Structure formats: structure tokens, C-alpha cells
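Here the structure is laid out as C-alpha cells; the discussion comes afterwards.
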Amino acid sequence: MTTEQKSIGSGYGAETTAREVIGETRLDGAIAVVTGGYAGVGLETTRALSAAGATVIVPARTLDKARAGLAGLERVEIESLDLFEPASVDAFAARFLASGRPIHMLVNNAGIMATPLVRDARGFESQFATNHLGHFQLTARLWPALQKAQGARVVSLSSRGHRRASVDLEDAHFERRAYDKWVAYGQSKTANVLFALALDARGEEQGVRAFSVHPGAILTDLVRSLPEEELKATVAAVTPGGVKNVEQGAATSVWCAVSKQLDGMGGVYCEDVDIAEAVAADFQGPGGVRPWAVDRELAERLWEKSEGWTGVRFG
């Protein structure tokens with residue numbers, strides 16, 4: 001069933017926190033995987049889920065940093081994973097599948113933003129490779145565990161930045177066009193929305209629903225690549241929509257992962273703890289999802305391309 005890209009009047013809002021979303025809900029026995037779940041919004045997502053009783057696996061590229069960030073949290077397991085390295089993705093997934101456990105919540109939270117041009121060993125641009133292709137491959141490899149949960153949810157963190165660009169399927173890796181770090185970021189965030197759309201269409205019959213999320217404008221380690229003046233300008237540009245703290249920033253991810261308000265739904269882009277409104281391409285407001293990010297034909301074309309780029313298929 002197609003879920004309409006329209007507010008459901010959740011009763012929450014931009015200032016809602018992850019703990020408020022969880023409320024009295026208990027997640028005892030549930031297993032979550034939160035990429036990048038040791039810093040910023042990811043850490044607050046891990047905190048909220050583990051406090052409600054879930055076991056949270058946190059795959060991390062920098063293990064020492066993850067151990068420091070997660071110190072003292074119960075039911076948290078730290079694993080090694082570098083989304084930029086396909087072999088690392090496969091190795092993590094193989095280790096998890098060998099445990100025989102299901103995954104009830106997969107939160108594809110990790111990401112990079114506005115970085116200089118870097119290519120992986122395949123020649124793929126780093127933001128697209130990390131933010132989209134790494135998570136595409138990870139989700140595919142973990143698919144048996146998601147099916148085993150018989151009611152799993154996959155949450156992909158996108159961004160308001162998706163409004164900067166669609167996905168250029170003919171030159172996704174900037175081999176012919178000039179590299180623009182913000183266009184590259186926008187493209188990768190649009191890809192996250194399209195991935196959730198296509199994944200939900202495939203997963204619904206198997207009990208796997210998918211959502212994409214704009215957490216809000218939050219000053220976390222994600223901005224580490226920005227020079228100080230550019231960071232100030234970026235913050236000023238998002239002021240109309242407000243800057244959130246990490247507790248508020250994690251709220252929409254947690255809502256998509258656990259809320260019964262979304263039972264039977266999927267494939268939608270969410271913000272401020274509600275389903276976002278679909279808006280026109282030239283809409284000037286800070287919120288809403290642009291047409292190219294909810295284009296089902298483009299989502300299918302990106303899916304096929306992503307299978308080719310990664311050499312990975314679901315199922």
C-alpha cells in the first residue's frame with residue numbers, strides 16, 4: 001500500500017525529543033543497528049533505544065571514539081565498519097548474520113557532508129559512496145536478518161539538503177561535470193530518500209518498512225569539513241527553520257523506528273516527527289520534500305544503478 005506523502009497530525013513537533021517519542025514504550029528483546037550511533041544524533045538515537053530496553057549494535061569506523069562516546073550505556077555492542085570500504089561492509093554483515101539474530105530496527109544514520117572531492121577504490125565520489133552506496137550494500141547484506149524480525153523498520157537519514165540536487169544517474173560520480181561539494185551532498189541525500197521509497201516497495205510483503213528522515217539543522221561533527229566562515233553562513237541560512245539540539249534531532253529517527261502511529265505505512269520522508277508535506281520544486285520554505293526525491297521512476301532507476309555499482313542484490 002502506498003503511503004501518502006502528507007502530515008498525519010502526529011501531535012509532535014520540531015521541539016519534541018527522542019525520549020518523548022519513546023515515552024513508556026518498551027523495546028525489551030528488540031535488536032537495533034545504528035550506523036554512526038556513537039556521536040551526535042546517532043548517539044542520542046542509541047541512548048533512546050537502549051534506555052527503552054533494546055540491544056543496540058553500533059558499527060563504527062573509529063572504535064576508540066565509539067567506546068568513549070558509548071561508555072556507560074547498557075545493551076550496546078560496538079562493531080567495526082567502514083561504509084567507504086565494501087569489504088568492511090560485507091565483513092560486518094557476515095559477522096552479524098552468523099549470530100543468527102534478527103534486526104528489528106536498522107537506522108542508517110552515519111554520513112559525511114560537503115567534503116572535498118575524494119574517490120574510493122572504485123572511483124566513486126565519497127559522499128555518494130558513503131551516504132548512499134555504503135548503506136545500500138549494508139541493508140542488502142543484512143536483509144535476511146531484517147526479514148527474520150517479521151516487522152522490521154529501516155530508517156535512512158536524509159536531509160533538507162536534498163533540495164539542492166536530484167541524482168544525476170549519468171554522472172553521479174562527477175567524472176564529467178565540475179565537482180561541487182554541496183551539489184554532491186544534496187545528490188547523496190536525495191538518494192537516501194529514493195532508497196527508502198524503493199526499499200519499502202520491495203519490503204512491505206516481507207514485513208520490512210522503510211522511511212527517510214530529515215533530523216533538522218543540528219551542529220554536530222557532521223560539519224567538521226566546513227571552514228569557519230562557511231559554517232557561520234550555513235548556520236545563518238538555516239535560522240528560519242531553527243537549530244535543534246541532538247535530543248530533538250534524534251526524535252524523528254526514533255519515531256520512524258518505533259512509533260505505532262506509522263504501523264502499516266512506509267516509503268515516506270519525515271521531518272519534525274511527522275510525515276513531511278510534498279512541495280513544489282521551487283518552494284522557498286525550509287520544510288517539505290521536493291518532487292525529485294519522491295519520484296518512483298527515478299527511485300527504481302537509482303536502485304538498478306546501485307545494484308550495478310555495488311554488485312549487490314537484495315534477496
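The values are calculated or read from the model by the stated rules, or taken from the named source; none is laboratory data. Note that the structure is predicted; figures quoted are calculated from it, not measured. Glycine gets a Cβ as well: all are built from the backbone with ideal geometry, and neighbour counts include every protein chain shown. The protein model used for the area step is the full one, side chains on, heavy atoms only, and it has no ligands, DNA or RNA in it. Shrake-Rupley method; radii C 1.70, N 1.55, O 1.52, S 1.80 Å.
Among the residues of segment 114-125, is there at least one that is in contact with a helix residue (DSSP H, G or I) (Cβ under 6 Å, 6 or more places away or on another chain), open to solvent by 30 Å² or more (accessible area, probe 1.4 Å) and either among the β-branched types (Val, Ile, Thr) or touching a residue at least 40 places away in the same chain (Cβ under 8 Å) (or both)? Looking through segment 114-125, at least one residue is in contact with a helix residue (DSSP H, G or I) (Cβ under 6 Å, 6 or more places away or on another chain), open to solvent by 30 Å² or more (accessible area, probe 1.4 Å) and either among the β-branched types (Val, Ile, Thr) or touching a residue at least 40 places away in the same chain (Cβ under 8 Å) (or both).
The criterion of at least 1 residues that are open to solvent by 40 Å² or more (accessible area, probe 1.4 Å) and at pLDDT below 90 is met by the following helices (runs of 4 or more DSSP H) wholly inside segment 189-284: 228-238. Condition check for Ala184 on (1) touching a Lys or Arg at 6+ places or on another chain (Cβ under 8 Å); (2) outside any loop (DSSP other than H, G, I, E, B); (3) small (Gly, Ala, Ser); (4) over 23 Å from Glu277 (Cα atoms): one failure, at (1). State whether the residues of segment 166-187 include one that is closer than 30 Å to Ala30 by Cα, touching a Phe, Trp or Tyr at 6+ places or on another chain (Cβ under 9 Å) and open to solvent by 10 Å² or more (accessible area, probe 1.4 Å). Checked against the condition, which is being closer than 30 Å to Ala30 by Cα, touching a Phe, Trp or Tyr at 6+ places or on another chain (Cβ under 9 Å) and open to solvent by 10 Å² or more (accessible area, probe 1.4 Å), segment 166-187 yields no hits at all.
Looking across segment 285-306, the residues that are open to solvent by 50 Å² or more (accessible area, probe 1.4 Å) and either more than 19 Å from Ala210 (Cβ to Cβ) or without any contact (Cβ under 8 Å) to a residue 60 or more places away in the chain (or both) come down to Pro286, Pro291, Glu297, Glu304.
For segment 141-153, the count of residues that are over 22 Å from Met265 (Cα atoms) and assigned to a helix (DSSP H, G or I) is nonzero.
Contact list please: Cβ distance under 6 Å, first residue in segment 81-100 and at positive phi and surrounded by 22 or more Cβ atoms within 10 Å (Cβ to Cβ), second residue of a type in the set (D, E, K, R) and at pLDDT 95 or above, pairs at least six apart or on different chains. Here the result reads none, with nothing in segment 81-100 linked to a residue that is of a type in the set (D, E, K, R) and at pLDDT 95 or above.
Picking from residues in segment 119-130 that are assigned to a helix (DSSP H, G or I) and touching an Asp or Glu at 6+ places or on another chain (Cβ under 9 Å), the one that is nearest to Val183 (Cα to Cα) is Ser126. Exactly one residue out of Thr35, Thr62 is surrounded by fewer than 16 Cβ atoms within 10 Å (Cβ to Cβ) and either within 21 Å of Cys256 (Cβ to Cβ) or free of Cβ contacts under 8 Å to residues at least 12 places away in the same chain (or both): that is Thr62. Checking the stated criteria, Val107 turns out not to satisfy the condition of being in contact with an Asp or Glu (Cβ under 9 Å, 6 or more places away or on another chain) and modelled with pLDDT of 95 or more.
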